[in-house]
Amino acid sequence: MDDTATTTTATIVLADDEQFIAIAYKDGLERAGYTVIVAQDGDETLKRVSEALPDLVLLDLIMPKMNGFEVLKSLKADEALAAIPVMVLSNLGQPTDEAEARSYGAVDFIVKSDISLKDLLIRIEQVLAAV
Amino acid sequence: MTAASRQSAKPQVPTGWLGWVLGLVAAGVLALVLTEHGSRSHLIIGLSVAGGILLLAYFLETQLRHRVLRQVTAADRALARERDEAVAQKSKDDAILSSIADGVLGLDESGRVMLFNRAATDLSGLKAGDILGRHYSEAIRFVHEKSGRPHTGFIEHTLAGEQDEAANVALIAADGKEVPVAVSAAPIIGRSGKQHGAIITFRNVTHERQLEQAKDEFVSLASHQLRAPLTAMRLFVEMLLDNQVGKLNAKQRDYLTKVELSTWRMIDLVNDFLNTSRIELDRLKVDPQEIHLEELVASIVETIRPLAEQKNLALVFDKPKLPSVYAEPNLYSQIVNNLLTNAIRYTPAGGTVVVTLARHKDGYQLDVADSGIGIPKSAQAELFKRFYRADNAKRLESEGSGLGLYLIKRILDLSGGRVWYETAEGHGTTFHVIIPLSGMVAKTAVNGAE
């Protein structure tokens, strides 16, 4: 994993209200070379994305203040932010959730509990490569 | 013969006219003979004999009359007793039927309602007077509990002479509300063996359904809540094992590998519970996407490989090159994961687990072959039942929810696939899973999303 640490400089906004998960992802992503900005609720996510204009948003669905679906709709409705790819990273795993997220413009949908950090990094690379 | 008709056929008391006629004739003949011979004493003797005959005739007639009267009275009493008993039996039968807590619907052989007890009225709000004599299809409505479609096959089968039980039945009450009921139906067979109709019993199971729903919703909620801490644990352990926070010694690595495997196992269990609850609540949705099965299988094999290595098992998967197919990635992953976990769990150390994936003429077939303990004959009929675990499996591994194979079968049943196996006890088992070439069949969740 350390091999990839120097290959990227992309910025990621990580939206997750679960503190431990956010710390783990932030650590893992930073070690892989990404710049990570954490947001802990829906409102903060919109604010951080507007400020940082990141290369990617990793978005949880169940969050305080504004849920992930609402955040996704707001991002895609904003011309300045609509092009930023959003990967949903949630512990909701029903196909209906995935279908809804994709219908609002999510490029990928991942169930957090079912994916290793290693596989998540591969999926992130794939999304960034496709932009 | 009814009591009334028996009564009308009551024999009349004989009048004894024959005795009287004979006596009179004998007396007349004697009187004529004696008058002719002119002997007075002979006349007296003749008259006495005639009188005797008359007295004897009277005596015999009286005896006969009494005997007949006694017989008739006894028959009358017996008839009255029978009638009283029949009336008492009928009111007892009526009381029993009325007191049965289950609704009882009795139909004659043409399907007309001939019985609708009090519990049936209480449950449905339908009045017996309104439906007796009408064909059941016009009188009462049974529907499929989830779809609301008419559900009367079990009545038709029973009227055709078959014993039948139906699941997921609801009764439409007089106010239009759907009442879930447990139904049992049986043909009415007379002494001669001829069928006279059908008896349908039904019981309100609203309360049971509410409890099941509450239980499944709890499992669903608990499973979601458990996923978050498990995710955090797994991520931190993964980073430790990747030496991201310093190099581990062999013992530390061994312990952390065990923590990681346990965490994955707990995540699998949560997913099994969650999907079981989705299936039970009819919330499981199959939404196929275009994916490469071989990539999915390869990724799962690699994730699970440490588990095989811990047991010193050879885990083999030769990744084929296949076209993309429409499949639900989460559900297919769960199928592969459950089959692999079982194969590893029930194969003793030093054995092999071989995974193959190929395109056949009727679908994409996954085979998971192990050199494990096999499935005993006694367990084969129950193997795909929820929570079932074979005795030899329990002896070898105390862990295991008994949900893995149940879920595999249910998911494949719902999505147009199939699962089967070959096994030899003590030598191993091969499970086969096939999904159609056209992909997994889409299915919408009947009860909506979570």
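The values are calculated or read from the model by the stated rules, or taken from the named source; none is laboratory data. Keep in mind the model is a prediction, meaning the values are calculated, not measured. No Cβ is skipped: glycine too gets one built from the backbone with ideal geometry, and neighbour counts run over all protein chains shown. What goes into the accessible areas is simple: the full protein's heavy atoms, side chains included, and nothing from ligands, DNA or RNA. Shrake-Rupley method; radii C 1.70, N 1.55, O 1.52, S 1.80 Å.
A few notes on this one:
- The phi-based Karplus calculation (6.51 cos²θ - 1.76 cosθ + 1.60; θ = phi - 60°) puts the 3J(HN,Hα) values of the range A:114-123 at 9, 10, 7, 4, 4, 5, 5, 4, 5, 5 Hz, whole numbers, x for Gly and Pro.
- Theoretical gain in end-to-end length, B:His135 to B:Phe218 [0.36 nm per residue, Cα-Cα removed]: 25.5 nm
- Kyte-Doolittle mean at least 1.0 and Cα axial length at least 24 Å: DSSP H helices in chain B: B:17-37
- Listed by chain and number, the lysines whose C-alpha is less than 27 Å from the C-alpha of A:Lys26, apart from same-chain residues fewer than 8 away, are A:Lys47, A:Lys65, A:Lys73, A:Lys76, A:Lys112, A:Lys118, B:Lys247, B:Lys258.
- Ordering B:Ile100, B:His157, B:Val237 by Cα displacement along the dipole of the protein assembly as shown toward the positive end leaves B:Ile100 in first place; charges were set at the Cβ atoms of Lys, Arg (+1) and Asp, Glu (-1).
- Beta bridge orientation in chain B: antiparallel %, DSSP, nearest 5: 90 percent
- Prolate/oblate/rounded label for the range A:11-130 (Cα gyration tensor, a/c 1.5): rounded
- Selected from B:Pro187, B:Gln334, B:Thr430, residue furthest toward positive end of dipole (chain B; charges at beta carbon): B:Pro187
- Net charge dipole, chain A: roughly 140 debye, given to the nearest 20, about the Cα centre with Cβ charges of +1 for Lys and Arg and -1 for Asp and Glu.
- 19 Å Cα-Cα reach of B:Lys90 towards aspartates and glutamates, excluding residues that sit fewer than 8 places from it in its own chain: B:Glu82, B:Asp108
- When only the Cβ of Lys, Arg, Asp and Glu is charged (+1, +1, -1, -1), the dipole of chain B relative to its Cα centre reaches about 1260 debye.
- Shape of the range A:85-131, Cα gyration tensor, a/c cut at 1.5: oblate
- Cα-based shape type of the protein assembly as shown, given that a ≥ b ≥ c are square roots of the gyration tensor eigenvalues and the cut on a/c is 1.5: prolate
- Spacing of the two label points (7 Å from each Cα toward its C-beta) at B:Ala80 and B:Lys251, in nm: 10.3 nm
- Other protein chain Cβ atoms within 10 Å, averaged over every residue that makes up A:79-87: 0
- The listed residues A:Val38, A:Val13, once ranked by accessible area (1.4 Å probe) with the largest placed first, stand as A:Val38, A:Val13.
- The range A:11-130 - percent of accessible surface contributed by carbon and sulfur, probe 1.4 Å: 49 percent
- For A:Phe109, B:Phe59, the ranking by accessible surface with the largest value first comes to B:Phe59, A:Phe109, using a 1.4 Å probe.
- For the protein assembly as shown, the antiparallel share of DSSP beta bridges with both residues in that region comes to about 75%.
- Peptide A:101-112 has a mean shielding of 2, counted as Cβ atoms of other protein chains within 10 Å of each residue's Cβ.
- Positive dipole terminus of the protein assembly as shown, leading residue within A:Leu61, B:Tyr136, B:Ile172 (C-beta point charges): B:Tyr136
- Whole-percent carbon and sulfur share, accessible surface of chain B, 1.4 Å: 57 percent
- Residue-averaged 222 nm ellipticity for chain B, from DSSP H runs of 4+ at -39500 (n - 2.57), nearest 500: -17500 deg cm²/dmol
- The packing ranking of peptides B:236-246, A:47-57, highest mean first, is A:47-57, B:236-246, where packing means the average number of other beta carbon atoms within 10 angstrom of each residue.
- Residue by residue along B:233-243, Cβ atoms of other protein chains within 10 Å of the local Cβ number 5 on average.
- Accessible-area rank, largest first, for A:Arg31, B:Arg70: B:Arg70, A:Arg31, with all protein chains present and a 1.4 angstrom probe.
- Between B:His432 and A:Ser50, the FRET efficiency from the beta-carbon distance, with R0 = 35 Å, is close to 0.10.
- 25 Å Cα-Cα reach of B:Lys146 towards lysines, excluding residues that sit fewer than 8 places from it in its own chain: B:Lys177, B:Lys215, B:Lys285, B:Lys385, B:Lys409, B:Lys443
- Probe 1.4 Å, accessible area per residue of the protein assembly as shown, Å²: 51 Å²
- The mean sequence distance of close C-alpha pairs (under 8 Å, at least 6 residues apart), as a share of the length of the range A:11-130, puts its relative contact order at 23 percent.
- The relative contact order of chain B, computed from alpha carbon pairs under 8 Å that lie at least 6 residues apart in sequence, is 9 percent.
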